[in-house]
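Worksheet for the structure shown next.
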Amino acid sequence: MPSLGDSPASLDRDAAEQIARTLKAMADPTRIQLLSLILDSADGRALVGQLADELRLSQPTVSHHVRVMAEEGLLERSRDGRLVWYSVSPDRVDEVSELLNPVSSAPTAPRVLERIASDLALQFRGIFSTETVDRYVRESYELLARRARITRYLPSLTGRFAADRLRALASAEDLLPRDAPEVLFVCVQNAGRSQLAAAILRSLAGDRVRVRTAGSAPAEAVSPRVVAALDEIGVPLAGEFPKPLTDEVVRAADVVITMGCGDACPVYDGRRYLDWNLDDPSGLSLEGVRAVRDEVDRLVRALLEQMDLPAVR
């Protein structure tokens, strides 16, 4: 008879100790509130003063809590001049999110998906049937919940993801006028390289280019270091989030740029395919992410020149 430990999903001692340390570091209501505030912040990072103001606590109290979590590796510090920012460590984002949102993986109420589909059916009236819109909404929800492991704000992200997929489908099938070239950036997690490239291209080209991103194995959230590196050059992430690669966004693209995702991207005639050999920001220091950002900036500017669309910034 097999023992309980024969299960492939059983935890080894090191993994169990890691979970125990994490739970101990978070075993305080204030620390849980702080982690939630940092995760929910616009760029995934916050200052001690901001956190103290939000929770109406003294700065020394907040400093103590974030120091404990930083020592455990839940948070990381980054200095910008005299400012010290705190963000959830990139390799702990999934772990922290799951602990903070234990019920978030429950199925979204059908009524919410019906509301999203109803609103999008109005938006795409005369282009797609209500059945097509409804199918894309439900499929988009499943893709985000399972493949991208998104748990936070899943209904609203489902609406955005489904709408973008429907716009791409309409473009691919010539159901909408193509008033700008379309560029798709694809990397593995859609949390680093592709987000850097998309944000920089949007800032340089404005509405002269339609930009999309996707990942072959998307993460749950964009890396806080990527957000910080973009902020340093005044480029917003604009609420982007990791999303899985789907067929219609490839079909809609005029240019498909891959970054370390192998053969995950389907190939269609009539599209231009490029592969940018860039280091994965995951696991890099902020200095390393800056180097990737600067190389992406150079490549994006060269791409715009090739497309005869000089940068506006």
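I need the helices (runs of 4 or more DSSP H) fully contained in region 37-130, keeping only those with at least 3 residues that are within 30 Å of residue 172 (Cα to Cα) and either within 26 Å of the chain's Cα centre (by Cα) or modelled with pLDDT of 85 or more (or both). Can you show your working first?
On the way: elements: 48-55, 59-72, 93-100, 110-123.
In region 37-130, 110-123 are the helices (runs of 4 or more DSSP H) which contain 3 or more residues that are within 30 Å of residue 172 (Cα to Cα) and either within 26 Å of the chain's Cα centre (by Cα) or modelled with pLDDT of 85 or more (or both).
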Region 54-79 - residue that is out of contact with any helix residue (DSSP H, G or I) (no Cβ under 8 Å at 6 or more places or on another chain) and basic (Lys, Arg) and, of those, farthest from residue 283 (Cα to Cα)
56
Residue 189 being surrounded by 15 or more Cβ atoms within 10 Å (Cβ to Cβ) and polar (S, T, N, Q):
yes
Single match in 138, 146 (criterion: free of Cβ contacts under 8 Å to residues at least 24 places away in the same chain and either surrounded by fewer than 19 Cβ atoms within 10 Å (Cβ to Cβ) or acidic (Asp, Glu) (or both)):
146
Residues that are among the aliphatic types (A, V, I, L, M): list the strands (runs of 3 or more DSSP E) wholly contained in region 201-303 that include at least 2 such residues.
210-215, 255-259
Identify the single condition in (1) surrounded by 14 or more Cβ atoms within 10 Å (Cβ to Cβ); (2) in contact (Cβ under 8 Å) with a residue 12 or more places away in the chain that residue 262 does not satisfy, given that it satisfies every other one.
(1)
Residues located in region 215-231, provided they are within 17 Å of residue 261 (Cα to Cα), of a type outside the set (S, T, N, Q) and more than 9 Å from the chain's Cα centre (by Cα):
215, 217
Per the list (1) open to solvent by less than 20 Å² (accessible area, probe 1.4 Å); (2) within 11 Å of the chain's Cα centre (by Cα), residue check on residue 240 breaks on (1)
Check region 216-223 and report whether any residue there is surrounded by 20 or more Cβ atoms within 10 Å (Cβ to Cβ), within 21 Å of residue 94 (Cα to Cα) and free of Cβ contacts under 8 Å to residues at least 40 places away in the same chain.
no
Sole residue being open to solvent by less than 90 Å² (accessible area, probe 1.4 Å) and over 30 Å from residue 238 (Cβ atoms), chosen from 37, 51, 47, 57:
57
Please name all residue pairs, on different chains or six or more residues apart, with Cβ atoms under 7 Å, provided the first residue is in region 290-305 and is under 14 Å from residue 231 (Cα atoms) and in contact (Cβ under 8 Å) with a residue 12 or more places away in the chain and the second residue is β-branched (Val, Ile, Thr) and surrounded by 16 or more Cβ atoms within 10 Å (Cβ to Cβ).
297/200
Of the conditions (1) crowded, with 24+ Cβ neighbours inside 10 Å; (2) over 17 Å from the mean Cα position of the chain (by Cα); (3) assigned to a helix (DSSP H, G or I), residue 169 clears all except one; give me its number.
(1)
Are any residues in region 265-313 hydroxyl-bearing (Ser, Thr, Tyr) and surrounded by 13 or more Cβ atoms within 10 Å (Cβ to Cβ), and if so, which ones?
268, 273, 282
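The values are calculated or read from the model by the stated rules, or taken from the named source; none is laboratory data. The model shown is predicted, which means the values in this text are computed figures rather than measured ones. Cβ coordinates were reconstructed from backbone atoms using ideal geometry, including for glycine residues, and neighbour counts include every protein chain displayed. Accessible surface areas use protein heavy atoms only, side chains included; no ligands, DNA or RNA. Shrake-Rupley method; radii C 1.70, N 1.55, O 1.52, S 1.80 Å.
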